[in-house]
Amino acid sequence: MNSPRSAWLFLAPALVVLGVFFLLPVLAALVLSLTDYDLYALADIRNLRFVGLGNYWELLHRPLFWSALGHTLYFVAAGVPLSMGASLGAAMLLNSPLARCKPLLRTALFAPVVTTVVAVAVIWRYLFNTRYGMANYVLGLVGIQPVDWLGDPHWAMPTIIAFAVWKNFGYNMIIFLAGLQAIPPELYEAARIDGASSWRQFRHITLPMLKPTMLMVAILTVSGYFQLFAEPYVMTEGGPLQSTVSVLYLMYDEGFKWWNLGSASAVAFLLFLVMFAVTALMLRLSRRGEET
Amino acid sequence: MAAVALFPLLWMLSVSFMAPGEASALPPPLLPKHPSGTNYRELFVRAGMGRYLLNSVLVAGAITALSLVFNLMAGYAFAKLRFAGRERLFQALLGALVIPAQVAMLPLFLLLKYLGLVNSYAGVIAPALASVFGIFLVRQYARDIPDELLEAARIDGAGEWHIFARIVLPLLKPIIVTLAIFSFLAAWNDFMWPLIVLTGQEHYTLPIGLASLAREHAQDSELMMAGSVVTVLPVLALFLALQRHYLQGLLLGSVKG
């Protein structure tokens, strides 16, 4: 018989790392968010004062926090459906009997996922350069005036969304593909015999059968997209006119540029709360959908 | 569709071989007139890219090797060893997955500062030494090892470490490869944490080095494309070589429960 002692020896290294470098800091963040930890406290801990919910109160009165939250929600609300749509489209294409060289195609579509965000963001910045970018050149060919993609506050976020969709759709595509392959072909055969159009097959077989996969993918994608940071950091530095400042970008600036670590921790917790609420809401809505 | 996915990457490769200034023209050139490695030479000789590359290899390599050991041990324990509160502890770990890593970053920075590990390799490596996802992956896979095999070894008098190293690890080989690729890619591509903890250029990893170059040389498209190639090529090559393992792991990891 194995003894509990040896089990704990096997667990110890990983648990110590997770405890010291994750769980402990998360708890500390909660405490930190209730203090005015700043550059002065960093220099001498005696300058630290407990401010209760002061940081939260202040943030809720700061327009920049609300606009950062707004930009992040915009990114999630537009990016997630587009990204999932592209993933599902690509997966159905790969799953259709008409597609050729599937392994090659699958690899090509997945390639952007493994690339480094910073490096590909640099490429996109060049593709969407106002004067010499390929995007404006192609639009120019059909007579559309050049767009200042990353310099116009109205266009910067849509450009970042397009970038994120391109970068990420391959990941969910693989999961959808596995989901599609798990649907029994007999269902489609029966539908075809009944004369159902391909649209009706999609609506009445594919979508319902994919629902559990869909929910899981949606939750993972939403939580991933809430963590928007590297894209605006590299492509726009939060600009123009702070139109691409996300919540995490604000946290980074607040914490590591201005060294307001207390207030930055409050930003982090507010983001966590929003993410938690959105995820819980999604789970709830999907459950209600099942009941009716 | 594949063209849309690959076009930016192929063009990156093409532009990286162009002469300085060549890419800033209309219409945007698709292929270099006189392909040359000037940008790469510039990157490695003047911009310190060699150092960043070495740092990235070092950091991602160390994270992969060490986290593999930690996650394998813990995942195996959760799957096969008996101790009180096993299921509850595991559930608690899975529950922690809802907390975004960024919440921990500010106190983590202070902790590492206190330990004197800010701006060191250890500062980047330490927090990545174990992951709930890795433990989960190993546990899922290790549950299929037959208990009789382990009991038989115990009856023969083998110690727990011996069983782990000689019997369990060889059986876990496929998941070891999968987990290794996952860890390496994640460590190589990580941006926010290294950006926070690495304050001096001498420790920069490729993404951080590239981001700082991009801020200085924003107009130098050819040079930046070469930098992107150096950053992206290793992970792309690794993925292409081992994609079967990677994609399997992705599916295994996404089906929670």
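The values are calculated or read from the model by the stated rules, or taken from the named source; none is laboratory data. Here the structure is a predicted model, which means the values were calculated and not measured. Note: ideal-geometry Cβ built from the backbone for every residue, glycine included; neighbour counts use all protein chains shown. Heavy atoms of the whole protein, side chains included, go into the accessibility calculation; ligands, DNA and RNA do not. Shrake-Rupley method; radii C 1.70, N 1.55, O 1.52, S 1.80 Å.
Checked against (1) at pLDDT below 95; (2) part of a helix (DSSP H, G or I); (3) open to solvent by less than 60 Å² (accessible area, probe 1.4 Å), B:Phe133 passes all but a single condition, namely (3). Determine if segment B:162-184 includes at least one residue that is under 30 Å from B:Ala19 (Cα atoms) and either among the hydrophobic types (A, V, I, L, M, F, W, C) or more than 27 Å from the chain's Cα centre (by Cα) (or both). Looking for residues that are under 30 Å from B:Ala19 (Cα atoms) and either among the hydrophobic types (A, V, I, L, M, F, W, C) or more than 27 Å from the chain's Cα centre (by Cα) (or both), one finds none in segment B:162-184, hence no.
Counting only residues that are open to solvent by 30 Å² or more (accessible area, probe 1.4 Å) and among the small types (Gly, Ala, Ser), segment B:159-203 holds 3 of them.
Does A:Asn172 qualify as being open to solvent by 20 Å² or more (accessible area, probe 1.4 Å) and modelled with pLDDT of 95 or more? The answer is no for A:Asn172.
Each row is one residue, and each column tells you yes or no for (1) more than 10 Å from chain A (Cβ to nearest Cβ); (2) over 24 Å from A:Pro232 (Cβ atoms).
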residue: B:Leu169; (1), (2): yes, yes
residue: B:Leu172; (1), (2): yes, yes
residue: B:Ile175; (1), (2): yes, yes
residue: B:Ala180; (1), (2): yes, yes
residue: B:Ser183; (1), (2): yes, yes
residue: B:Asn189; (1), (2): no, no
residue: B:Met192; (1), (2): no, no
residue: B:Leu195; (1), (2): no, no
residue: B:Gln201; (1), (2): yes, no
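Could you check how many residues of segment A:45-71 are within 14 Å of another protein chain (Cβ to nearest Cβ) and open to solvent by less than 50 Å² (accessible area, probe 1.4 Å)? Number of matching residues: 2.
All conditions in (1) open to solvent by less than 10 Å² (accessible area, probe 1.4 Å); (2) of a type outside the set (A, V, I, L, M, F, W, C); (3) more than 11 Å from chain B (Cβ to nearest Cβ) hold for A:Gly262, with the sole exception of (3). Against the condition touching a residue at least 12 places away in the same chain (Cβ under 8 Å) and open to solvent by 10 Å² or more (accessible area, probe 1.4 Å), how does B:Leu242 come out, does it pass? Yes; evaluated as a whole, the condition is true for this residue.
Across segment A:92-133, the number of residues qualifying as in a helix (DSSP H, G or I) and small (Gly, Ala, Ser) comes to 4. Filtering A:Pro232, A:Pro208, A:Pro240 for residues that are farther than 30 Å from A:Tyr56 by Cβ and either in contact with a helix residue (DSSP H, G or I) (Cβ under 8 Å, 6 or more places away or on another chain) or more than 12 Å from every other protein chain (Cβ to nearest Cβ) (or both) leaves a single hit, A:Pro208.
For segment B:1-80, the helices (runs of 4 or more DSSP H) that sit wholly inside it and include 3 or more residues that are open to solvent by less than 40 Å² (accessible area, probe 1.4 Å) and either more than 19 Å from B:Thr205 (Cβ to Cβ) or within 7 Å of another protein chain (Cβ to nearest Cβ) (or both) are B:2-16, B:49-80.
Of all residues in segment A:95-115, those that are more than 9 Å from chain B (Cβ to nearest Cβ) have Cβ atoms under 7 Å from Cβ atoms of residues that are open to solvent by 90 Å² or more (accessible area, probe 1.4 Å) and modelled with pLDDT of 90 or more, 6 or more apart or on another chain, in A:Asn95/A:Gln181. Of A:Ala156, A:Ala178, A:Ala196, A:Ala164, all but one fail to be out of contact with any strand residue (DSSP E or B) (no Cβ under 6 Å at 6 or more places or on another chain), farther than 23 Å from A:Pro81 by Cα and surrounded by 14 or more Cβ atoms within 10 Å (Cβ to Cβ); the exception is A:Ala196.
Filtered by the rule that a residue be more than 8 Å from chain B (Cβ to nearest Cβ), in contact (Cβ under 8 Å) with a residue 24 or more places away in the chain and in a helix (DSSP H, G or I), segment A:21-40 gives A:Leu30, A:Leu39. In segment A:41-75, the residue that is farthest from A:Trp155 (Cα to Cα) out of those that are in a loop (DSSP other than H, G, I, E, B) and without any contact (Cβ under 8 Å) to a residue 12 or more places away in the chain is A:Asp44. Scanning segment A:87-108 for residues that are open to solvent by less than 30 Å² (accessible area, probe 1.4 Å) and under 30 Å from A:Ala268 (Cα atoms) turns up at least one hit. Scanning segment B:211-246 for residues that are more than 12 Å from A:Ala111 (Cα to Cα) and β-branched (Val, Ile, Thr) yields B:Val229, B:Val230, B:Thr231. Residue count for segment A:271-292 satisfying the condition of being facing chain B (nearest Cβ under 10 Å), open to solvent by 30 Å² or more (accessible area, probe 1.4 Å) and touching a residue at least 12 places away in the same chain (Cβ under 8 Å): 1. Scanning segment A:72-86 for residues that are open to solvent by 60 Å² or more (accessible area, probe 1.4 Å) and among the small types (Gly, Ala, Ser) yields a count of 1. Among all positions in segment B:91-111, there is at least one residue which is more than 10 Å from chain A (Cβ to nearest Cβ), open to solvent by 30 Å² or more (accessible area, probe 1.4 Å), part of a helix (DSSP H, G or I) and touching a residue at least 24 places away in the same chain (Cβ under 8 Å). For segment A:181-193, residues that are outside any helix (DSSP H, G or I) and surrounded by 12 or more Cβ atoms within 10 Å (Cβ to Cβ) total 1.
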